[in-house]
Ligand code: HEC
């Protein structure tokens, strides 16, 4: 039974980590889950790339290198000091619709 509980929580580990990564890297200073701030909402991003098999890789590069022109003229800064694992987790979390972040 204990094994079952651990199994369930680890299935959501990457997504949960993504929320922590977003909070600890100031992503939430420019993004909110469900409304536009400086950047698009994470739910809008998830909707835009729904069904796009290349989105994970493309957005990992975008978060790392920064850039503009997809949502408007305002650029997102680069995040060169984030680890590849953190970038992967946070992008997976955004593409999942940023669940359970208030
Ligand atoms: C200084 C403000 C700012 C910060 C900090 C910021 N972003 Fe952004 N982000 C933006 C803007 C502006 C855009 C829209 C860029 C565009 O139009 O191409 C954007 C776009 C995005 C996109 C969609 C990119 C695309 O090409 O569709 C993702 C995913 C994203 N941000 C994730 C993050 C994550 C994760 C972090 C934290 C590591 C973060 N952002 C931090 C401003 C910011």
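With a/c under 1.5 counting as rounded, go ahead and sort the range 18-90 into rounded, prolate or oblate using the C-alpha gyration tensor (a ≥ b ≥ c being the square roots of the eigenvalues; past the cut-off, prolate if a/b is larger than b/c, else oblate). It is rounded, given that a/c, with a ≥ b ≥ c, falls under 1.5. Here the spin labels are modelled as points 7 Å beyond Cα on the Cα-Cβ line, and at residue 96 and residue 58 they lie 2.2 nm apart. Taking 7 Å steps out from each Cα toward its Cβ at residue 50 and residue 26 produces label points 3.3 nm apart. Here the peptides 88-97, 54-63, 69-78 are ranked by packing, the mean other Cβ count within 10 Å, and the order with the highest first is 88-97, 54-63, 69-78.
Just so you know, all these numbers are worked out from the coordinates, no wet-lab data involved. In this text the structure is predicted, and so the values were computed from the model without any measurement. All Cβ positions, glycine included, derive from the backbone under ideal geometry; neighbour counts span all protein chains shown.
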